1. Can you give me the distance in nm between label points at LEU65 and ALA120, each placed 7 Å from the Cα along the Cα-to-Cβ direction?
2. Keeping all protein chains in the complex and leaving out DNA, RNA and ligands, what accessible area do you get for GLU108 with a 1.4 Å probe, in Å² to the nearest 10?
3. For the ranges 138-149, 8-19, 185-196, what's the packing order if you count other beta-carbon atoms within 10 Å of each residue, average per peptide, and put the highest first?
4. For VAL47, list long-range residues whose amide hydrogen, built 1.01 Å from N in the peptide plane, is under 5 Å from its own amide hydrogen.
5. Exceeding 20 Å between C-alpha atoms, which entries from my cross-link table qualify? They are LYS177/LYS199; LYS52/LYS199; LYS48/LYS154; LYS82/LYS205.
6. Can you classify segment 72-142 as rounded, prolate or oblate using the Cα gyration tensor, where a ≥ b ≥ c are the square roots of its eigenvalues, rounded means a/c under 1.5, and otherwise it's prolate if a/b beats b/c and oblate if not?
7. Taking the Cα centroid of segment 1-60 and of segment 98-129, what is the distance between the two, rounded to the nearest whole Å?
8. Could you derive backbone 3J(HN,Hα) for segment 85-95 from the dihedral phi with the Karplus parameters 6.51, -1.76 and 1.60 (θ = phi - 60°), listing whole Hz in sequence and x where the residue is Gly or Pro?
Amino acid sequence: MPTIVRTHLTALRALLVMTVLCGIAYPLLITGISQVAFSDKANGSIVKADGKDVGSSLLGQNYNLPKKNPDDPKEDPVPDPKWFQPRPSANNYAGDNSGASNLGPNSEDLLKAVNDRRAAVAAFDGVDPASVPADALTASGSGLDPHISVAYAKEQVNRVARERNIPADTLNQLIDKYTEGRSLGFLGQEGVNVVLLNKAVNETK
């Protein structure tokens, strides 16, 4: 058999072997391990309500009132006072376009946005603008973070309690329940998962 033919056959066999190992066996092995060891996370940590998928505990989302004119892209969204609100998102929580605004601390646009948000959040929650936490004013690095600070969650309690006619003590207990500790016990700060918190609030009678 000519050398060039043997070389091509060897290359073809190597290609087939690596295709089976890396393209079939390895993905099946990893998929099987993930489904057995942590199936919830492997399947997207889907949050269900009334048997329907309503989000993921890994991704933040907006809680706004329905638009008066759904076809008007210029109509500004209005937050729904019945829900705990997430932190701002530079990409409107679009999972296919994660990222930050890339505006630095000296950006006039960022300073204006922070001041506008401070006034809006204070008016919405009925609090002193000076008490509005930083995470209510700035977006996360990914724009997808479902967590807010405990301070921001507590700030919203009176509004949600009033709108839903739920005792504030009940909401504070739910905040404590859905507060997650620091990563690895020492990285970052405690955070409240807004998606899971709102699901629990909606199920509270």
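The values are calculated or read from the model by the stated rules, or taken from the named source; none is laboratory data. Fair warning: this is a prediction, and the values are worked out from it, not measured in the lab. In this analysis, Cβ positions are derived from the backbone assuming ideal geometry, glycine residues included, and neighbour counts consider all displayed protein chains. SASA here: full protein model, heavy atoms, side chains in, ligands and nucleic acids out. Shrake-Rupley method; radii C 1.70, N 1.55, O 1.52, S 1.80 Å.
1. It is 1.4 nm.
2. About 150 Å², ignoring ligands and nucleic acids.
3. Details: 138-149: 20.6, 8-19: 10.2, 185-196: 16.1.
Sorting 138-149, 8-19, 185-196 by mean packing, highest first, produces 138-149, 185-196, 8-19.
4. Residues meeting the amide H criterion: VAL54, GLY55, SER56, SER57.
5. Values: LYS177/LYS199 12 Å; LYS52/LYS199 12 Å; LYS48/LYS154 25 Å; LYS82/LYS205 14 Å.
Pairs exceeding 20 Å: LYS48/LYS154.
6. Details: a/c = 1.64, a/b = 1.15, b/c = 1.43.
Oblate shape, in that a/c is at least 1.5 and b/c is the bigger or equal ratio.
7. So the two Cα centres are separated by 42 Å.
8. Here the 3J(HN,Hα) series is 8, x, 6, x, 9, 5, 10, 6, 6, 7, x Hz.
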